[in-house]
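Okay, so here's the structure we're looking at.
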Amino acid sequence: METKPRGPRRAQPRLDSVLNIALASGWVMVVLFAGLVVYLLVRDFTAAWTGTGLSPFQPNAPQSTLPSGTQGAVGPLPTAIPLDQWKPPQPWSGKGRVTVLLMGLDYRDWERRTGPARSDTMMLVTLDPITNQAGMLSIPRDLYVEIPGFQFNRINAAYAFGEAYRLPGGGPGLAVQTVENLIGVPIQFYAVIDFSAFERMIDEIGGIDVLVEQRIKISPIGRLSFWLEAKPYHLDGAEALAYARVRKGAGDDFGRARRQQQVALAILDRIVGFDMIPTLFSKAPALYQELASGIRTNMTFEEMISLAWLALQTSKDQIRMGVIAPPGMVGFHTLPDGASVLRPVPDQIRQLRDQIFTETSAFSPQPPAAQADGSSP
Amino acid sequence: MTAPTPPTRATAVTATKPAPGAQGTGSRRQLVVIGGLLFFAVVVIGCALLTGYAAGVEEREVTRLARESQSIQEQFQLGIDDLLAARYELARERFEYVLRLKPDFPEAVELLNMALGGLNQPTVTPTSAITPTPVTPTPTPDLSSRESIFTSAQAAFSRGDWSGALDLLLLLRSDDPMLHLAEVNQMMAAALRNRGMQKLQSGLLEQGLYDLSLAARFGPLDSQAEAWRSSAAFYLLANSYFGLDWRLASQYFAQICTAGAWGACRKYAISARGYGDLLAATNDPCQAQLQYQASLNILPDNALAPTATQASLLCMTATAGTPTPTPTASGTPTLLFTVTVSPTPSTTPTLGTSSPTVTPPGTPTPSITPSASPSLSPSETPTPETPTPTPSAT
């Protein structure tokens with residue numbers, strides 16, 4: 001008689017425990033499934049980054065095919081000036097200064113399919129993790145320099161030659177070597193950026209704010225041209241790209257180089273100033289796709305992350321900027337065929353180099369803290 | 001026999017209304033279970049992250065090796081094409097690249113020798129073929145403490161591994177900027193100076209000048225380094241006019257040529273020829289002939305000789321009977337500048353001490369003594385210097 005009510009009372013805990021076991025099992029299954037998904041995602045994410053998102057231009061083009069407009073003899077015997085032994089760039093120790101050569105390619109070569117593209121933009125970006133100082137140095141594309149193995153030519157032809165002759169380091173390798181010979185600083189990394197990827201990345205971070213200093217007409221790709229007045233603007237990806245690339249007026253190539261630096265700083269401002277880190281994390285897969293498909297670089301993904309982190313740590317007032325530009329740093333010359341080129345004036349360029357690289361280096365008799373406090377450009 | 005205690009009642013009571021202690025145990029058990037499940041989740045996700053990353057890295061490495069192998073094959077084939085097309089310099093570079101990645105590639109050594117033969121350079125034996133890394137084994141630096149980093153930096157410095165020493169000194173500086181400040185500065189200055197000199201001697205001029213600029217932040221450079229620095233800067237100035245202003249290029253390279261360094265004579269010859277063409281085009285055959293002569297003296301060229309002869313004849317006509325010797329490629333050189341090139345014996349670094357003025361093991365130091373246009377000459381005459389090493393107090 002006393003045991004009668006015990007039936008349902010015993011069944012309840014049993015039911016509870018069955019339910020608990022089922023829930024726990026379900027949890028375990030979910031966790032295992034999530035683990036599998038995470039494993040696959042991380043594996044693919046890590047493995048996918050090969051650092052060579054952009055394919056070389058026309059990899060099957062005949063070796064001698066060169067873009068029109070490249071001056072000088074690039075004939076079958078480029079032996080007059082020795083071709084330096086190509087070496088992979090020195091690895092970055094993580095402690096010393098790191099320098100990246102950023103390159104944009106000339107769209108016109110791409111569109112014309114006349115051969116490998118020349119570099120449209122060349123900018124050295126440098127960061128010193130010890131002094132927390134950074135710098136940007138823009139190199140005009142018409143600078144007439146010695147390209148190892150290919151005699152003298154415009155500096156923007158180095159990339160095309162490296163690609164056309166399929167040199168071991170390719171176009172970026174020869175471009176890096178040429179810029180190292182011109183500026184003297186070791187360059188550890190290069191990044192060749194696809195214009196459309198640049199556009200989309202700016203759109204992903206919600207555009208950038210720039211102060212237009214001089215009235216200028218821009219032509220975003222696929223849109224009508226319009227004028228930007230001398231005032232602040234918020235630009236989306238296409239507009240930012242057009243603003244950075246426009247050459248006519250406002251100082252031509254040199255003004256353009258300054259605008260490119262302005263855009264680079266605006267991107268940094270946008271990321272830091274708007275506390276974009278959580279947004280960037282949420283958009284990481286999309287950004288990653290853009291980076292992986294739109295950038296050709298020798299950086300590993302881990303190196304990219306640590307460099308980006310380093311850049312975010314750098315205060316804007318610790319960034320020195322320079323453009324190799326007249327007066328003084330270049331001379332205007334005309335080649336026998338009528339093409340205009342720029343002669344680099346080595347000692348003047350060296351002074352600018354020293355302002356950006358030497359004076360901000362951790363190789364200093366003063367400890368870095370004292371250096372950061374006391375030095376100014 | 002004692003009567004059994006009726007447990008049922010108590011049990012029933014417990015089942016329907018648990019005691020406060022039992023209820024606590026139950027919820028604690030629940031917490032433990034939930035905690036365990038969460039822990040399990042963390043462990044599983046953590047393991048998935050780590051193993052996924054490791055697998056990704058491994059996969060990436062496999063892809064890299066596959067690409068490298070493909071690149072070796074491609075460069076080897078392109079090297080053969082270049083060799084057949086007599087593009088020896090490109091062929092050399094490709095075979096050296098192949099051998100750097102795959103030293104045990106006898107066919108590449110053979111073809112590299114053919115390329116070097118085409119360039120009139122000494123050939124390599126399979127054992128002396130390009131090696132991917134320096135042969136001298138470098139001890140792994142001890143980075144366990146700041147003192148050990150400092151000691152490792154001193155050791156790297158002593159064996160002349162300037163880059164290694166500089167990396168370690170930077171590491172030390174980033175960890176503790178004030179540690180051994182004077183000694184670290186002294187070693188940094190010396191290593192930068194010596195690496196800069198090495199780069200200058202190997203033809204990396206702007207790179208060497210950059211190192212010397214960094215070294216100069218610590219104090220004035222010694223006279224030898226200053227002399228090399230100004231010579232290199234002068235060469236680069238001359239080089240900037242190459243192809244753009246043959247007159248200045250020719251003038252400047254003529255002076256650098258006296259030292260025989262950095263292939264300046266070849267550039268002088270080309271510049272003189274270019275300047276000669278310019279003069280010939282502006283109806284100054286006598287000056288043109290002098291430039292052609294200077295070019296031929298350095299770089300005999302069968303194609304240029306007739307042009308030089310023609311310029312000479314035109315000059316004779318123009319000067320109406322004033323005889324001028326006809327230039328020939330093998331004729332007696334008419335030097336525009338009296339030069340003295342006196343290589344000096346190389347010196348070796350003083351090992352075992354961290355001195356700021358150690359002379360790197362090097363090649364002969366050029367001694368330039370231009371006797372013409374002194375204002376255009378390198379500002380200093382590089383003279384060998386044997387500095388007294390200053391041992392550091394460590």
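Read-outs throughout are calculated quantities, based only on the coordinates presented, and are distinct from any laboratory measurement. It should be emphasised that the depicted structure is a prediction, and the values quoted were computed from it without experimental measurement. Backbone-built Cβ (ideal geometry, glycine too); neighbour counts: all protein chains shown.
Placing a pseudo-label 7 Å from each Cα along the Cα-to-Cβ vector at A:Thr300 and A:Ser340 gives an inter-label distance of 4.6 nm.
For B:Leu50 and B:Leu38, the difference between the fully extended length at 0.36 nm per residue and the C-alpha to C-alpha distance is 2.5 nm.
If you rank B:Cys47, B:Cys257, B:Cys315, B:Cys286 by fewest surrounding Cβ atoms within 10 Å, what's the result? Don't jump to the answer; show the numbers that get you there.
Details: B:Cys47 13, B:Cys257 28, B:Cys315 20, B:Cys286 16.
Exposure proxy ranking, most exposed first: B:Cys47, B:Cys286, B:Cys315, B:Cys257.
Ranking B:Phe40, A:Phe226 by Cβ neighbours within 10 Å, fewest first, what do you get? List each step's numbers first, then the result.
Working: B:Phe40 16, A:Phe226 11.
Ordered from fewest to most neighbouring Cβ atoms within 10 Å, B:Phe40, A:Phe226 come out as A:Phe226, B:Phe40.
3J(HN,Hα) along the range A:338-349: x, 6, 8, 9, 10, 8, x, 9, x, 5, 6, 5 Hz, from the Karplus curve 6.51 cos²θ - 1.76 cosθ + 1.60 with θ = phi - 60°, whole Hz, x for Gly and Pro. Legend: ranking of residues B:Glu58, B:Glu183 from fewest to most surrounding C-beta atoms inside 10 Å; resulting order B:Glu58, B:Glu183.
The distance between label points at B:Asp175 and B:Val57 comes to 2.2 nm (points 7 Å beyond Cα on the Cα→Cβ vector). With an a/c value of 1.5 or above and a/b not larger than b/c for the gyration tensor axes a ≥ b ≥ c computed over the alpha-carbon atoms, the range A:274-370 is described as oblate. A simple spin-label model places pseudo-atoms 7 Å from Cα toward Cβ; at B:Thr282 and B:Thr319 they are separated by 1.9 nm. Placing unit charges on each Cβ (+1 for Lys and Arg, -1 for Asp and Glu) gives the range B:147-227 a dipole about its Cα centre, and among B:Ala182, B:Leu168, B:Gln224 the Cα reaching farthest toward its positive end belongs to B:Gln224.
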